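The values are calculated or read from the model by the stated rules, or taken from the named source; none is laboratory data. This one's a predicted model, so the numbers in the text were calculated from it and none came from an experiment. So basically every Cβ, Gly included, is an ideal-geometry build from the backbone, and we count neighbours across all protein chains shown. Areas reflect the complete protein model, heavy atoms only, side chains present, ligands, DNA and RNA absent. Shrake-Rupley method; radii C 1.70, N 1.55, O 1.52, S 1.80 Å.
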Amino acid sequence: METKSSQIETKSTPMEARNSTLVLKVISPERTLLDCSVRSVEFCGALGPFMVLRDHAPLVSSLESGPVRYTTEDGTREEIRVRSGFVTVSNNRIIACVEL
């Protein structure tokens, strides 16, 4: 009987969290603005600003006008200004639906 070594091929998709990062997806009615891996994200919530890091508890929040600031995998700080929206956080995936 011939045995073959089995290899499991894993494909990385934009919505797949890796290592110590989170997946951030920011969408507007017009288009997808971001779909990338990040270290952290800061939002302007209805009750004040908050930050999301890896392994954050699941949540849903409305967003107020202000910046969505995020730190990329390589440590670069970026931001997108939004007028309003909402965000969900679950299993190291962040999805923000926003109005610009």
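Computed quantities for the displayed model
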| quantity | calculated |
| --- | --- |
| Those residues of the stretch 44-60 which are in a strand (DSSP E or B) and open to solvent by 30 Å² or more (accessible area, probe 1.4 Å), in sequence order | C44, P49, F50, M51, L59, V60 |
| Residue pairs meeting the criteria (Cβ under 9 Å; at least 6 apart or on separate chains; first in contact (Cβ under 8 Å) with a residue 60 or more places away in the chain and within 16 Å of D35 (Cβ to Cβ), in the stretch 67-93; second assigned to a strand (DSSP E or B) and of a type in the set (K, R)) | R93/K25 |
| Condition check for S20: open to solvent by 70 Å² or more (accessible area, probe 1.4 Å), at pLDDT below 95 and of a type in the set (G, A, S) | yes |
| Test set (1) under 15 Å from the mean Cα position of the chain (by Cα); (2) modelled with pLDDT under 95 - T72 fails condition number | (2) |
| Filter result (among the hydroxyl-bearing types (S, T, Y) and either surrounded by fewer than 17 Cβ atoms within 10 Å (Cβ to Cβ) or out of contact with any Pro (no Cβ under 9 Å at 6 or more places or on another chain) (or both)) within the stretch 24-43 | S28, T32, S40 |
| Residue count for the stretch 61-91, restricted to those that are open to solvent by less than 90 Å² (accessible area, probe 1.4 Å), over 17 Å from I27 (Cα atoms) and either out of contact with any strand residue (DSSP E or B) (no Cβ under 8 Å at 6 or more places or on another chain) or not in a strand (DSSP E or B) (or both) | 3 |
